[in-house]
Amino acid sequence: MSKPPEQTVWLRSEAKEAIAERMHEFRFEAADKEHECGGFLLGDDIEKITVATPGRSATPLGPNELILDYAEADRSADTFGLSVVGSWHSHPGADRFSWRPDPSPEDLEHWTALLDRFDRNMAVGVIASTPRRMHAWIVFRDSNGNAICKPCPVI
């Protein structure tokens, strides 16, 4: 098994603010306050994420399932001249606790799909438990092609 790379995710303040703003907007838009919202992360690489898309065209399928719009990701990447390096989404209900929300099997499946969809060696997934509390994981493939997911710090 290959050793996971040491990694830190740097979210620019503008990207953090975009996530926080979308979470606030979504709480007022959603009939059910327990649905997730999310979007894509854009940057030069996963260590320097410059933009977080608001994901306004994302489709909630249920309280804990969300389909992100890849066409929106492509348009945003073209507009900003950046690459899609990952995605973010909220975990409503986790805001009452201080523990890190763990990714669901669906989160891991989506983050792994990002590797193939955007032809990346690594992708980052960010889960926002509150507009100010964000947690990150990197996903990459080992030498056998198996997807590996590892938590990493967000600064």
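Observations, loosely collected:
- Scanning segment 99-155 for residues that are of a type in the set (A, V, I, L, M, F, W, C), modelled with pLDDT of 90 or more and assigned to a loop (DSSP other than H, G, I, E, B) yields a single hit, 118.
- Cβ pairs under 7 Å, 6+ apart, first in segment 142-155 and small (Gly, Ala, Ser), second modelled with pLDDT under 95 and assigned to a loop (DSSP other than H, G, I, E, B): 143/2
- Only residues that are out of contact with any Leu (no Cβ under 7 Å at 6 or more places or on another chain) and assigned to a helix (DSSP H, G or I) were counted across segment 46-89, and they come to 8.
- Flag if residue 75 is basic (Lys, Arg) and either surrounded by 21 or more Cβ atoms within 10 Å (Cβ to Cβ) or without any contact (Cβ under 8 Å) to a residue 12 or more places away in the chain (or both): yes
- Of all residues making up segment 1-42, the number that are over 18 Å from residue 64 (Cα atoms), modelled with pLDDT of 85 or more and assigned to a loop (DSSP other than H, G, I, E, B): 3
The values are calculated or read from the model by the stated rules, or taken from the named source; none is laboratory data. Since we're looking at a predicted model, the values are computed, not measured. All Cβ positions, even for glycine, are placed from backbone atoms using ideal geometry, and neighbour counts span all protein chains on display.
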